[in-house]
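Peer 1: What follows is a single structure, and I will ask about it in a moment.
Nothing in this text is a laboratory measurement; each read-out follows from the coordinates by a stated rule. The structure presented is a predicted model; accordingly, all values stated were derived computationally and were not measured. Note: ideal-geometry Cβ built from the backbone for every residue, glycine included; neighbour counts use all protein chains shown.
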Amino acid sequence: MLQKLRNNSKGFTLIELMIVIAIIGILAAIAVPQFMTYRVRANNTATVALAKQINSSLAALNSDLAAYGILDTTANLQNSPGAGTTGPVNNPVYGSTQAWSAATAETAGCQVTGTYYNAAGTEINKSGVGQTIPFGIDANIRIDADRGGLDGQQYLLVTEHFKGNRAIGISSVMPDVLYYVQNAAWTGLGSVINATVPDIIPANEENPLDTAGDDTGVPGGGMPTDHWHLMK
C-alpha cells in the first residue's frame, strides 16, 4: 500500500513552475511602475501642502510686520537675522537633507522671518513665524529688494519634493493661485531647487511666474513643457 501511495504522489512540473514565475513577473512589471507613479503623486501632493502652509505663515508675518520675510533655521523665534536691506533676499531650506522643526522662543528651528526697515534703513520691527519643514521637501522664499529700504513687499515661494517631479510656486501678486512646473528628471535630486526660479520684478509688480498673463508662465526648466503653468 505504501509503495502505491508513493507512486501516486505528484509535484509541480518544471513547465508549471515556469508558468507561475512568468505570471508573477508580469504582475510585478505592471504593479511596480504603478506603485512608483502613485508614490511620486503623493510626494507632489505633500509639496502642495507645504507651499500652502508656508504661504499662510507669510500672510501671518505680513500682518504683524507689514512686510514679508525669508526662511531661516539658525536661531530662536524672532531672533533670526531676518531679511531686509542688510540681510539676504532668499535662503533655501533643504528638507531633502533633514526635517526641520518649528522655531520657538526657547529653541532654534525653522521660521519665516523678516525685518522691517524704514526708507532711511533704520530697523523698525522684527518678527517671525515658526515653520515646520518635513523631510523630503526643499523650500525657498525670495523677496524683493532695492526698494529704498522697503524690502520684502513682494515674495516668490517655491517648494519641491526630492522624490517628486513637480515644483510648486506662489507669488504675492496672486497669493491664492498655485503654479507648477514638472520634470521627471528631477525625481531623486535633493539639496537643490531644480526648477528655474524667476526674479521678482518690483518696479511694476508683475507676477514673476506669469508675466504674460496667459496662464503659460515663464520658463521653469520643465520637460517636456518648459514653462510654469497655472494649477487648475
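Peer 1: Quick one: check the C-alpha center-to-center distance for the stretch 49-66 versus the stretch 213-230, whole angstrom.
Peer 2: 25
Peer 1: Another question, then. Mean 1/r over all different Cα pairs, inverted: what Kirkwood radius does the stretch 151-213 give, in Å?
Peer 2: Hydrodynamic radius (Kirkwood, Cα pairs) of the stretch 151-213 is 12.4 Å.
Peer 1: Here is a further query. How would you rank Asp176, Asp72, going from fewest to most other Cβ atoms within 10 Å of each one's own Cβ?
Peer 2: Lowest count first: Asp176, Asp72.
Peer 1: Name the aspartates and glutamates eligible as straight-distance cross-link partners of Lys52: C-alpha to C-alpha under 13 Å, and not fewer than 8 places from it in the same chain.
Peer 2: Glu160, Asp176
Peer 1: Just to be sure I understand the model, the point goes 7 Å from the Cα along the line to the Cβ. What's the resulting Ala66 to Ile24 distance in nm?
Peer 2: 7.0
Peer 1: Can you list residues whose amide H is under 5 Å from Ala75's amide H, if they're 5+ apart or on another chain and H is modeled 1.01 Å from N?
Peer 2: Here Gly109 satisfy the definition.
Peer 1: Right, next: I need the calculated FRET efficiency for the pair Glu106 and Thr45, taking r as the beta carbon distance and R₀ as 25 Å, to the nearest 0.05.
Peer 2: Working from the Cβ atoms, E equals 0.15.
Peer 1: Still on this structure: Would you mind checking the stretch 101-137 for residues with the amide N under 11 Å from a putative spin-label position 7 Å along Cα→C-beta of Ala75?
Peer 2: Correct set: 113-115, 126-128.
Peer 1: May I pose another question? If you split all Cα-Cα distances of the chain into 10 Å bins from zero, what percentages do you get per bin, shortest first?
Peer 2: Once binned at 10 Å, the Cα pair distances of the chain give 8, 28, 28, 14, 6, 5, 5, 3, 2, 1, 0.
Peer 1: Could you tell me how many degrees, from 0 to 90 and to the nearest 10, lie between the Cα long axis of helix 14-65 and the main elongation axis, the longest principal axis, of the Cα atoms of the chain?
Peer 2: Computed tilt is about 10 degrees.
Peer 1: Follow-up. Among Leu65, Leu14, which comes first, then next, by fewest other beta-carbon atoms within 10 Å?
Peer 2: So the residues, fewest neighbours to most, are Leu14, Leu65.
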